[in-house]
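Read through the structure below, which is laid out as C-alpha cells, and then see the notes.
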Amino acid sequence: MTNGSGDAHEGHERGSGANLPIAPSPQRVSGMKVPAGWTLPGKPADLDDVAEDAWRQTGFTCGEEMRLVAQNLDLQARLAGTGYSASARTMTMAGYASLWSRAFSATSDAVGVIRRGSYQSALPLLRQAVEFVGAERGLDAEMDEWRRFTHEAYGRNEPARATEIGLGHYFAGGAIASDEHLRLIYRATSDLGRPNFGPTALLVANEATHERYPLNFADHAYHLGWAQLLLGWAVRIGVVQLHTSMHLAQHFPAPDDLRTAVVDHVRAAEALLADTDRCHLVEWSGEDGRARHLLEQFRRRPGDATQRILL
C-alpha cells in the first residue's frame, strides 16, 4: 500500500509461505534514486603514456564492445528506474535492486580499468558482478531470508554501542552454477584473478617462452586479447542481467518501447559474442577429464599471429 506522499509500504508479505514475525512498523522504500540513464566515465586526466595508449587503442579496436557495454548499462539504469512506480516500490523490489545496483557498479568500474590496460584489476570486479547477478537470480528462493534481515537489522547493540546491521550471509552459488555463462565467467575470473602461477605469468610476462621470462612489472600496456575477452564478459554479464530484470516485470514494469530496446540490444550483443574471431575462453577437458581454461584468438595487437593458451 502507499501513504499520502506516494511512498510504498510493505509489512508482512506472503512469499514462499514461511511465517515471519510482523515488523513493529511497516517498512517502506522512500527517497529512491536511480539515474535516468548511464554514460561510461570519461578518460582520467592522470593517465601515463602507456595507459593513455591503451585507452586509445581499446576505443579503436574494441569500438563495438564499448558501444554495447555503454548501451547495456544505459538500458539497465532505465529499466531499474521503473521500480520507482508506486505499485512496484516494495521491499521485495528493493531486494532485487540492491543486488542489481552492486552488479551494475562493479561492471561499470571493470570497464574503466580495462580501458586503461589494467586487465588483472578487472578480474575481481567481473567476478563480483557475477556473484551479485547470481545472488539476484537466486533471491526468489531466499526472499524470506531477505525479509527477515530487513526486519531484524538496524537495531541497537548496547554492548558495542553501535547500530547493528549484521552481515546477513548470502551467496547464491547454485544460481551461478545453473547458468552456463555465469558459471564459465565466475570460474575463469576466480582462477585468473588469484595468485596462480599460470595467469600471473600470462599477465606480467606475456611474451614468455620456455627459454625466457620477460618480466614487465606493473604492466598496463594495451593487449587486444585481454581487452576483447574482458569486455566480452562485461557484455555477457549485462545480457544476463537484462534477462533477469525483464522476468521481474512485476517489480520493474518497463514500458513496451524500453522492452523492445532491450530485445534489440540483446540480439546485437549475442551476434558479437558469437564471433569466434574475437578472443574468447572455453572450457577444455583433457584425458583426465579435468576442466581447464583454453584461451583462443589470443594476441596483443591486431596484426599479430593468434595463439591458443591452455591454463
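Read the figures in this text as sums done on the coordinates, not as results from a lab. Owing to the predicted nature of the structure, the values given are computational and were not obtained by experimental measurement. Every residue, glycine among them, receives a Cβ derived from its backbone with ideal geometry; neighbour counts consider all protein chains shown.
See the values below:
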{"read-out": "Residue with peak Gaussian network fluctuation, the chain [Cα springs, cutoff 10 Å], from G37, G286, G134", "value": "G286"}
{"read-out": "Hull-based mean projected area of the stretch 130-206, where the convex hull spans the alpha carbons, in square nanometres", "value": "7.8"}
{"read-out": "Given 14 as the ceiling on other Cβ atoms within 10 Å, longest exposed-site-free region of the chain for GluC sites (Glu not before Pro) in DSSP loops", "value": "14-206"}
{"read-out": "Estimated dipole of the chain in Debye, rounded to 20 [Cβ of Lys and Arg +1, of Asp and Glu -1, Cα centre]", "value": "300"}
{"read-out": "Amide H partners (placed H, <5 Å) of Q27, local residues excluded", "value": "E10, G11"}
{"read-out": "Angle in degrees between helix 143-152 and the longest Cα principal axis of the chain, rounded to the nearest 10", "value": "60"}
{"read-out": "Among M32, H223, G134 the positive-end extreme of the charge dipole of the chain (Cβ point charges)", "value": "M32"}
{"read-out": "Total formal charge among the other residues, if their Cβ is under 10 angstrom from that of L123, Lys/Arg +1 and Asp/Glu -1", "value": "+1"}
{"read-out": "Residue with peak Gaussian network fluctuation, the chain [Cα springs, cutoff 10 Å], from P124, P41, P199", "value": "P41"}
{"read-out": "Bins of 20 Å from zero: percent of alpha-carbon pairs in the chain", "value": "29, 51, 19, 1"}
{"read-out": "Most mobile of V235, V262, V282 in a GNM of the chain (Cα contacts under 10 Å)", "value": "V282"}
{"read-out": "Test item: Cα-centred dipole of the stretch 98-223, Lys/Arg +1 and Asp/Glu -1 on Cβ, debye", "value": "280"}
{"read-out": "Residue-averaged 222 nm ellipticity for the chain, from DSSP H runs of 4+ at -39500 (n - 2.57), nearest 500", "value": "-16500 deg cm²/dmol"}
{"read-out": "Exposure proxy order (Cβ contacts within 10 Å, fewest to most) of M93, M32, M66, M143", "value": "M32, M143, M66, M93"}
{"read-out": "Fraction of the pair-distance distribution of the stretch 267-311 above 16 Å, Cα-Cα pairs, percent", "value": "49"}
{"read-out": "About the Cα centre, charge dipole magnitude for the stretch 167-250 (Lys/Arg +1, Asp/Glu -1 at Cβ), debye", "value": "160"}
{"read-out": "Cα long-axis angle, helix 63-81 against the chain (0 to 90 degrees, to the nearest 10)", "value": "10"}
{"read-out": "Kirkwood Rh in Å, taken over all unlike Cα pairs in the stretch 62-140", "value": "13.5"}
